[in-house]
Number of protein chains: 2
Amino acid sequence: MFAGLSAFPLTPFAEGKPDEAAFLRLLSRLTEAKVDSLGVLGSTGSYAYLTRTQRRRIATLAVEHADSIPVMICVGAVSTDEVLALAEDAQQAGAAALLLPPLGYQALKEEEVFTLYETVTRHASVPICIYDNPGSTHFTFSDALLGRIAELPGVGSVKIPGVPAEQSAANDRLMQLRGTLPASVSIGVSGDASAGNGLIAGCDGWYSVCGGLFPRVAKAMTEAATAGNYASVRAQSDRLQPLWALFRQHGGSFRVISAAAGLLGLTERDCLPRPLLPLSAADCRAIADVLAALELT
Amino acid sequence: MFAGLSAFPLTPFAEGKPDEAAFLRLLSRLTEAKVDSLGVLGSTGSYAYLTRTQRRRIATLAVEHADSIPVMICVGAVSTDEVLALAEDAQQAGAAALLLPPLGYQALKEEEVFTLYETVTRHASVPICIYDNPGSTHFTFSDALLGRIAELPGVGSVKIPGVPAEQSAANDRLMQLRGTLPASVSIGVSGDASAGNGLIAGCDGWYSVCGGLFPRVAKAMTEAATAGNYASVRAQSDRLQPLWALFRQHGGSFRVISAAAGLLGLTERDCLPRPLLPLSAADCRAIADVLAALELT
């Protein structure tokens, strides 16, 4: 479940509601490419913009159309009770794993985050992936806290936010993390621009936004890493530099991939939940140019 | 509605649910002290930890027990649709005004925040208070954006996060804000430690966490400001320095006021929504000592 390419699809919107037909179109690209797992309702899947009912519906649709590929469902919410309710919904929908970020409103303390994971692992009957995403949650895990949570029975993986751009520093970071985490807990890299570095440094998998729209590209890179062909991983990641540059320009992958899905005709051109607004026509043209140059259309 | 002391009560919890009896105990202190308005379900009122149903219930209870004091209800949510639904609920409950923070998940752009306020003011039939609270929302308003939103019909006030600790800098900040905002839009200060400075600098009111538990103390300070008795405002705020020091120590007023409400026997000792955990026994003893020294018990 927690190794290889985990593809994180968008939950596209149309007219203020989740666009189920478009979601299934995105999903079918992922099942056709036989990604190793699906990460549904993550940040990219706009979990924070959906009601509990909408999240249950998307989780159910995902499992029904996953073609037996294991589905991980994000159950992030500010309140612990809401997390538990979402976890129950996700498990009833058939989730193979739960992705849990420490979403705060009042700034969270380490003990509070530990207790959240302790509570959810105690209630859940499928494994939990720790979602370390300080850019969105504004909570920064210490390695000591990650290690403590990772030792809870039921924790299967850590989704890390990225690794340093310099390969030897990325290798050092992975070594440090491995020393902190039980061997049974996998490490998956996210932050697509640093995924190549993370895979070369020995991450078990890639929790990938890029892979949620361009699964074949992300799968080839992940498989090269599994085969130990690091020169190929590096070359493939380098080739995608213009895409990573767009992610940097737009504050992350989410807005770019949302625009790209629209440009590819898989979703409405404007597929974002409000209050988010689509990128400008000029930005979309620049994205279209990069997709064409990288043969991603 | 948007001047004088606006008291922001906690929404206390007991056994994982809003503790309605304790909420009404807190409310009765505020109506007895005849505060000028109530700010219910703000950050202090734990809006982010409650379901829509719970928020509707607390809003209804607040208006029913407000003794004709106008009630402002916070309608913050990540999704615009959810904000609109909460605004509808709050108005049906009898809210006199809505408090709206730009709560994000994906980092919000200025145009997105403007459009959010534009949408909500278009739908709402009661005035809106702009909730500028970068510490919790992680969105920082530019003065230009505040000015643009404040010009929307239906905007009545801005709740600012605080003013500089140095009085002349606080005065400059207020002058700058007054130059940006239409004269019809009031400015209320929050960040209790800087409320004295804000009131002396000419804020129209105080959106007060301290006033949500200690309304007489906060009302005396606000009334001294209205009477132009700035030496008294300064003296009263200085007297409360040990309380402001506790707020600084605990990352804001919320955890301290929650502990204080428990120490006063108005709520359970542990009245926080999970994942938040109560302060340690030693921290509570230090808070009890300050309350006793300040004759706040």
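Looking only at region B:29-53, filter to residues that are buried (at least 18 other Cβ atoms within 10 Å of the Cβ) and farther than 17 Å from B:Asp192 by Cβ; which one of those is farthest from the other protein chains (Cβ to nearest Cβ)? Top of the filtered list is B:Val40. Scanning region B:92-124 for residues that are more than 18 Å from B:Val40 (Cβ to Cβ) and not β-branched (Val, Ile, Thr) yields a total of 16. Looking for something surrounded by 23 or more Cβ atoms within 10 Å (Cβ to Cβ), more than 14 Å from every other protein chain (Cβ to nearest Cβ), at pLDDT 95 or above and under 18 Å from A:Tyr105 (Cβ atoms) - is there at least one such residue anywhere in region B:14-25? Taking every residue of region B:14-25 in turn, none turns out to be surrounded by 23 or more Cβ atoms within 10 Å (Cβ to Cβ), more than 14 Å from every other protein chain (Cβ to nearest Cβ), at pLDDT 95 or above and under 18 Å from A:Tyr105 (Cβ atoms). For region A:114-132, the set of residues classified as within 16 Å of A:Gly76 (Cβ to Cβ), facing chain B (nearest Cβ under 10 Å) and aromatic (Phe, Trp, Tyr) consists of A:Tyr117 only. Evaluate the following for A:Ala90: is it farther than 18 Å from A:Ser186 by Cβ, of a type in the set (A, V, I, L, M), crowded, with 20+ Cβ neighbours inside 10 Å and at pLDDT 95 or above? Spelling it out, A:Ala90 is indeed farther than 18 Å from A:Ser186 by Cβ, of a type in the set (A, V, I, L, M), crowded, with 20+ Cβ neighbours inside 10 Å and at pLDDT 95 or above. For B:Gln91, the conditions (1) on the phi < 0 side of the Ramachandran plot; (2) within 14 Å of chain A (Cβ to nearest Cβ) are fulfilled apart from (2). Is it fair to say B:Ala225 is out of contact with any Phe, Trp or Tyr (no Cβ under 6 Å at 6 or more places or on another chain) and either free of Cβ contacts under 8 Å to residues at least 24 places away in the same chain or basic (Lys, Arg) (or both)? Judged against the criteria, B:Ala225 is not a match. Counting the residues of region A:54-75 that are within 12 Å of chain B (Cβ to nearest Cβ) and surrounded by fewer than 24 Cβ atoms within 10 Å (Cβ to Cβ) gives 1. For region B:83-120, the set of residues classified as more than 21 Å from B:Leu152 (Cα to Cα) and charged (D, E, K, R) consists of B:Asp89 only. Screening the candidates B:Ala165, B:Ala183, B:Ala169 for the property of being of a type in the set (A, V, I, L, M) and touching a residue at least 12 places away in the same chain (Cβ under 8 Å) yields one hit, B:Ala165. Tallying residues that are assigned to a helix (DSSP H, G or I), within 20 Å of A:Gly94 (Cβ to Cβ) and within 18 Å of the chain's Cα centre (by Cα) within region A:2-39 yields 7. Selection of helices (runs of 4 or more DSSP H) fully inside region A:149-234 by the criterion of at least 1 residues being surrounded by fewer than 21 Cβ atoms within 10 Å (Cβ to Cβ) returns A:167-180, A:215-226. Looking only at residues of region A:235-272 that are among the polar types (S, T, N, Q) and not in a helix (DSSP H, G or I), we find that the one that is nearest to A:Asn133 (Cα to Cα) is A:Ser253. Number of residues in region B:243-261 that are under 23 Å from A:Glu110 (Cα atoms) and buried (at least 17 other Cβ atoms within 10 Å of the Cβ): the value is 12.
Looking across region A:84-112, the residues that are in contact with a strand residue (DSSP E or B) (Cβ under 7 Å, 6 or more places away or on another chain), within 23 Å of B:Ala77 (Cα to Cα) and aliphatic (A, V, I, L, M) come down to A:Ala87, A:Ala90, A:Leu99, A:Leu100.
The values are calculated or read from the model by the stated rules, or taken from the named source; none is laboratory data. Just so you know, these numbers come straight off a predicted model, no measurement behind them. All Cβ positions, glycine included, derive from the backbone under ideal geometry; neighbour counts span all protein chains shown.
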